[in-house]
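Presented below is the structure to which this report refers.
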Amino acid sequence: MAGIRVTEVDWQWLRNGAAHHTQEYPSPELVVRRGQMFTLVLELNYPLDNRETLIFTVETGPQASEALHTKAVFQTTELEVRDAWTAVKEAQMENTVTVSLTSPPDAIIGRYLLSARVSSRRKHSNRKLGEFVLLFNPWCPEDDVFLASEDERQEYVLNDNGIIFRGVEKHIQAQGWNFGQFEEDILNICLSILDRSPSYQDDPATDVSCRHDPIYVTRIISAMVNSNNDRGVVQGQWQGKYGGGTSPLHWRGSVAILHKWFKGRFKPVKYGQCWVFAGVMCTVLRCLGIATRVVSNFNSAHDTDRNLSVDKYVDSFGRTLEDLTEDSMWNFHVWNESWFARQDLGPSYNGWQVLDATPQEESEGVFRCGPASVTAIREGDVHLAHDGPFVFAEVNADYVTWLWNEDESRERVYSDTKKIGRCISTKAVGSDSRVDITGLYKYPEGSRKERQVYSKAVRKLFSVEASGRRARVRRIGGRGVWRDDLLEPTTKPSITGKFKVLEPPVLGHDLKLALCLTNLTSRAQRIRVNLSGATILYTRRPVAEILHESHTVRLGPEEEKKIPIKISYSQYKEDLTEDKKILLAAMCLVTKGDKLLVEKDITLEDFITIKVLGPAMVGVAVVVEVMVVNPLLERVEDCMLMVEGSGLLQGQLNIDVRSLEPQERALVQFNITPSKSGPRQLQVDLVSSHFSDIKGFVIIHVATAK
């Protein structure tokens, strides 16, 4: 008689998918989460007798070995054992055996090969049953990525769309983003990202053996989402020129980017900026089972020399001197937070961890950032792994302005030093609203606790001894800044100034503002006001000057005066970047030597509305109506709507829009047929060669078919 063996496997996709919250993955293999039981039904050619057991082998990665925990051999028992692979025989009916397998909660994640044999057969009779994918498990209390709130798990693990906040601090704009972690092939691509990393290429067996650890995995992904040290996913570009690629503002989600990288044989996709890197990393980490969200920091510091100061050098018109200014303050910067335990730091640093795939500075020789504990940032523990000083500076650095004179001397100019790290924002759980999480990163600005934390961070950063010796930070350009100088406030000038917008700044229209100056003294003063304006990128890098004028103003005692400013559409239309941003500066030089710099960042507004005409239901067509407006004072003939939505339509829909007269409004209707239920995000962009993309989105609640 031939030996007993397994002849067929039923992977119980529906049952296991529902139990493991993995039913949305369209993977050809079973997808399950670690630390949790999953069920298989095996057909044998003969019934098992009571003395026989099934012996299973699971292995992952090349050169799988029990020593590296990339292989396990275990047999059916009566009881489940924690912290080890186990198999429990649940039932047997003649030739059919139902078995429950459980992985340890710290098992290596990735693609596994499952084999089985009957105990009475020799080892070489192992039969390959097939492959399955094992993910991190935020539902498992023993997993390092465990997240207690079901609402938060739904949002940060299972939601396949989201919102990224952009713009400027005073005018925050929401942009839809399709994470699409459950789209075709995305899980396979995310696992490929791990296998393309230099760590895997150098030593695959060791690299795979470290994939039980979310700290290790997220640090690898942080490096691999950008292309700076490897053939990573996205190539950054901040020069405003996107020839040979796609402008970062044209992407509506991660799926097209990941597919392009994979199908292009791992050639980096052109181009990305911070929100693109963060959107892609959110997709990858949610796909692998780590709760992740996208976070935007307004007035974000890029402190190149780690002195907790963004030193900006300007000329007498307040224009940034690019060749002298190595630090920068971006209008906004976008990164990720992922939720997991820090076994390396201790439980007080568990929770949200900052991860940033935007290639700004090297960390241990590689362009990556994090994980840095948000708690450690708030408490000033910048010495802890990983990249604490850089993240701390992004939200806490002082903004210091220096007037660079023609004789190469410099003087400190009074400006708002506390403008960095404002309105730190993320999408709310279960809704589209914005949540301000600044309080997770720092104590209230100006409070005693905030200054204590800042001083603690400075001490740790500069290792200043108790003797009070001053530590000098040498800048790349040879200029040095004393740490003591950073903490010295400049004397407040005898005037105040503020730009006031007189009409909403709308794309295609003239800009009308006023500079309001107030004399704080009881004596008359003469002020020379040098005004400049430039179109800028969101990194605040100037592109082209559009305003340059001087005024002399006499202010009586405690008098306020307004200087009207008008910038016509023709002045800015040729040089406006896709970021739609303009920076105004006024250098105010008071007769007695006071200097005040007033700045205003402006984002030009645009308009699109999206309505769903009727209830949305799976498998039933519904009409969407979009109202668009030509923002320009000229006729436009090449407009197109680009429509995308995971679970709402297959791929991308492109709809030609008829020619639009100057500032004309038009209604465009089209049908969508939803394929998935629940809240779904539809993105609609109005695209033209004559103006930057006008972006809109709407959340559609899709019901299951009756």
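The values are calculated or read from the model by the stated rules, or taken from the named source; none is laboratory data. Bear in mind the structure is a predicted one, so any value in this text is a computation, not a measurement. Positions of Cβ are backbone-derived with ideal geometry, glycine not excepted, and every protein chain shown enters the neighbour counts. Areas reflect the complete protein model, heavy atoms only, side chains present, ligands, DNA and RNA absent. Shrake-Rupley method; radii C 1.70, N 1.55, O 1.52, S 1.80 Å.
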Heavy atoms only, probe 1.4 Å: what % of the accessible area of the chain goes to carbon and sulfur, would you let me know?
49
The farthest towards the positive end of the charge dipole of the chain, of the residues I172, C588, C210, given +1 on Cβ of Lys and Arg and -1 on Cβ of Asp and Glu, is C588
³J(HN,Hα) across the stretch 168-183 via Karplus (A = 6.51, B = -1.76, C = 1.60, θ = phi - 60°), whole Hz, x for Gly/Pro?
10, 3, 8, 8, 7, 10, 9, 10, x, 9, 8, 5, x, 5, 9, 6
Go through the stretch 625-638 residue by residue and turn each phi into a ³J(HN,Hα) via Karplus (6.51, -1.76, 1.60, θ = phi - 60°); whole Hz please, and just put x for glycine and proline.
10, 10, 9, 10, 9, 6, x, 9, 8, 9, 5, 10, 10, 10
Roughly speaking, what is the centre-to-centre gap between the stretch 42-85 and the stretch 218-262 when only Cα atoms are used, to the nearest Å?
41
Placing +1 at every Lys and Arg Cβ and -1 at every Asp and Glu Cβ, with all other atoms neutral, what dipole size does the stretch 608-702 have around its Cα centre, in debye to the nearest 20?
460
At 10 °C and 1.306 mPa s, what whole-number value in µm²/s does Stokes-Einstein give for the translational diffusion of the stretch 23-65, with Rh from the Kirkwood sum over Cα pairs?
112
Work from the charge dipole of the chain (Cβ charges, +1 for Lys and Arg, -1 for Asp and Glu, about the Cα centre) and give the residue of V118, A301, V280 farthest towards its positive end.
A301
What does the charge add up to near L596, with Lys and Arg as +1, Asp and Glu as -1, over the other residues with Cβ less than 13 Å from its Cβ?
+2
The stretch 608-702: C-alpha pair distances exceeding 23 Å, %
24
Given 0.36 nm per residue, what is the gain on full extension from V506 to K260 after removing their alpha carbon distance, in nm?
85.1 nm
Students sometimes get this wrong: rank T491, T704, T426 by accessible area, probe 1.4 Å, all chains present, largest first.
T491, T704, T426
Let me check I've understood the local charge: for P105, count other residues with C-beta under 10 angstrom from its C-beta, Lys and Arg +1, Asp and Glu -1. What total comes out?
-2
Quick check for me: using +1 on Lys/Arg Cβ and -1 on Asp/Glu Cβ, what's the dipole size of the stretch 282-389 about its Cα centre, in debye to the nearest 20?
640
Quick one: which residues, 5+ away or cross-chain, put their amide H under 5 Å from the amide H of T325? H built at 1.01 Å from N.
Y313
Taking the solvent-accessible surface of protein heavy atoms with a 1.4 Å probe, what is the per residue accessible area of the chain in Å²?
41
To the nearest 20 debye, what is the magnitude of the charge dipole of the chain about its Cα centre, counting +1 on the Cβ of each Lys and Arg and -1 on the Cβ of each Asp and Glu?
1040
On each of the three principal axes of the Cα atoms of the stretch 148-274, give max minus min coordinate, whole Å, ordered largest first.
49, 44, 29
Net charge of neighbours whose Cβ lies under 14 Å from the Cβ of G180, counting Lys and Arg as +1 and Asp and Glu as -1
-1
Using helices alone, I'd like the mean residue ellipticity at 222 nm for the chain: each DSSP H run of four-plus residues gives -39500 (n - 2.57), total over residue count, nearest 500.
-4000 deg cm²/dmol
Roughly what angle does helix 448-462 make with the longest principal axis of the chain, taking Cα atoms, 0 to 90 degrees, to the nearest 10?
80
In terms of modelled amide H atoms, which long-range or inter-chain residues lie less than 5 Å from the amide H of T246?
K270, Y271
Quote the accessible area belonging to S120 in square angstrom, nearest 10, computed with a 1.4 Å probe and with ligands, DNA and RNA left uncounted.
70
Here the tail fraction of P(r) beyond 35 Å, over all Cα-Cα pairs of the stretch 150-466, rounds in percent to 19
Run the 1.4 Å probe and let me know the accessible area of F499, rounded to the nearest 10 Å².
10
Order by protection proxy (mean Cβ within 10 Å, highest first), peptides 650-658, 564-572
564-572, 650-658
In whole Hz, the Karplus estimates of ³J(HN,Hα) for the stretch 605-620 (6.51, -1.76, 1.60; θ = phi - 60°; x where Gly or Pro) are 8, 9, 8, 7, 10, 10, 10, 9, 8, x, x, 9, 9, 4, x, 10
Starting with the highest mean, order 515-524, 370-379, 396-405 by the number of other Cβ atoms within 10 Å, averaged over the residues of each peptide.
370-379, 396-405, 515-524
Amide H within-cut-off set for N229, under 5 Å, with H built and near neighbours excluded
F367
Roughly how many Å is it from the Cα centre of the stretch 517-558 to that of the stretch 265-335, as a whole number?
28
Can you find, among L40, T77, Q683, the residue sitting farthest towards the positive end of the charge dipole of the chain, where Lys and Arg contribute +1 and Asp and Glu -1 at Cβ?
Q683
List H333, H383, ordered by accessible area with a 1.4 Å probe, largest first
H383, H333
Solvent-accessible ranking of E184, E411, E406, E599, largest area first, probe 1.4 Å:
E406, E184, E411, E599
Take the Cα atoms of the chain, build their convex hull, and give its volume per residue in Å³.
180
